[in-house]
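The values are calculated or read from the model by the stated rules, or taken from the named source; none is laboratory data. Please read these numbers as outputs of a predicted model, since none were measured by experiment. Here the Cβ positions follow ideal geometry from the backbone for every residue, glycine too, while neighbour counts run over all protein chains shown.
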Amino acid sequence: MAISADAPAVALPDPRWRTRDILVTAVLGVAFGVVFWFWNNLAWSFLAPLGPFQNLFYAVWLIPAVLAPLIVRKPGAALFAELLAAGVSVIAGSPWSLDVLLSGFVQGAAAELVFAFSLYRAWGLPVLAIAALASATAAWIHDWVIYYPTVAVETQLLVGAAMGVSALVIVGFGSLMLARALRRAGVLEGFPR
Amino acid sequence: MIAVRAPEDRSLASPLGRISPVAKLVLVAAWVAGLALTTDPRPPLVLGAIGLAAAVVLGRVRPASLAVALAPLAFATLTVGFFNALLNPANGNPALAVVASLGPIRLTAPAVVAGVALACRVGAVAALGIAFALTTDTTRLVDALVQQARVPERFAYGALAAFQAVPRLAEDLVALREARRIRGLRASWHPRMLVGLLVLAIRRADRLAVAMDARGFGSGPRTRFRVERWSLPDAAFLGAGSVVLVAAMVFGR
């Protein structure tokens, strides 16, 4: 059976980035870079007494990787927003320094991969939750190798579980709530819903 | 309020400040990658010290500004070291000598050594990042990323435009807090303020996008105002930096 050239089998959303898409993604990345700066330098140290359960708050670092693509729905938005947020937090001064760029890359790329598999068409809670979990998994592996290579495996599993819960609640559910609040405020006119 | 540390003019005019930001980025990334491959405390100590010395001598960074930038990072460094020592599986081995103990919690010598080594790694990585940030101008970094590292220019300059609005973000935060106070709300901090902050940021992004589109942003081939070219000092910097990295890694064996 011949497939005619002008009728694609699946209708993909327009992958081209308007200037507005770039700027809104960039502004979200920058705003969360400032949040990261606060989280890196102040909040995270105060949470240190919680031990492995500190990671229940880890997913604040993963929000742009899901929130930005949820709003602009363009290929690459997860990676762009997360990398930019990481870069801004480095320039503002981060204890993790340039390694934050590697963190940002793996976290953004993992979420991006999930959205790519959905062909950038499904934006419900299940896809957001899977993307958040993928991002947290990438972050978990990265931190294990780079920062906590000598920590016992049982503790690592506990840390991973805490990060997973954190990602589901803060990133999956949280970015859906944030996007809804922004839509109600009327600033997302002209973005797909 | 939001402290984005701007490098001083004298640092930007220094030998290290004139090196291509891309060359600095590549070298720091190589050093950080090297540090990730070793668990010995000596390479991070050497590389971190050389990085800081280079920032002061070649980068003409004031030691006082360096200290101010490094201070908040010290706590994170200690946290990483402490938790690696505390959660090390060696602590459960009854055959090993105990350095300190509190109730059921034991701290053994190998665990402490591992914790110190990791604290050194994190401290060195943080120092290198500070040395980079205090000798690099953000606009020049983006110019170099576009011209020398071939980063897509619409995204790079869009990100730069958004980044330069960070001071506005601080003003928005002040305005939001004042608005809460006028409404008689006690706490000047509330998570809901994040929504207000993002609303204002997205509105600003829309205005920026319209202004940039009106000036033909990304509509054709871009001409360069500030041209970034590879130079001999860049090559010398990369060569010397690689030699130092290899020497430090061999020293740490």
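Observations
- Residue satisfying condition, being of a type outside the set (Asp, Glu) and at pLDDT 95 or above, within set A:Leu125, A:Leu176, A:Leu101, A:Leu113: A:Leu113
- Checked against the criterion of being β-branched (Val, Ile, Thr), within 11 Å of another protein chain (Cβ to nearest Cβ) and either farther than 22 Å from A:Glu82 by Cβ or touching a strand residue (DSSP E or B) at 6+ places or on another chain (Cβ under 8 Å) (or both), segment B:193-216 contains one or more residues that satisfy it.
- Residues within segment A:39-73 that are closer than 26 Å to A:Val151 by Cα and within 13 Å of chain B (Cβ to nearest Cβ), tallied: 19
- In the set (1) part of a helix (DSSP H, G or I); (2) within 14 Å of chain B (Cβ to nearest Cβ), the condition left unmet by A:Val151 is number (1).
- Looking only at residues of segment B:179-192 that are basic (Lys, Arg) and outside any helix (DSSP H, G or I), we find that the one that is farthest from the other protein chains (Cβ to nearest Cβ) is B:Arg186.
- The one condition in (1) more than 10 Å from chain B (Cβ to nearest Cβ); (2) closer than 30 Å to B:Pro7 by Cβ; (3) aliphatic (A, V, I, L, M) that A:Leu113 fails to fulfil: (2)
- Among the residues listed as B:Ala54, B:Ala67, B:Ala23, B:Ala30, the single one being under 30 Å from A:Phe46 (Cα atoms) and either among the small types (Gly, Ala, Ser) or at pLDDT below 90 (or both): B:Ala67
- Considering (1) within 15 Å of the chain's Cα centre (by Cα); (2) surrounded by 18 or more Cβ atoms within 10 Å (Cβ to Cβ); (3) within 9 Å of chain A (Cβ to nearest Cβ), the lone condition that B:Ala131 does not fulfil carries the number (3).
- Residue that is over 21 Å from the mean Cα position of the chain (by Cα) and either without any contact (Cβ under 8 Å) to a residue 12 or more places away in the chain or away from every other protein chain (no Cβ under 13 Å) (or both), where the choices are B:Leu96, B:Leu45: B:Leu96
- Condition check for B:Leu160 on (1) facing another protein chain (nearest Cβ under 9 Å); (2) touching a His at 6+ places or on another chain (Cβ under 9 Å): one failure, at (2).
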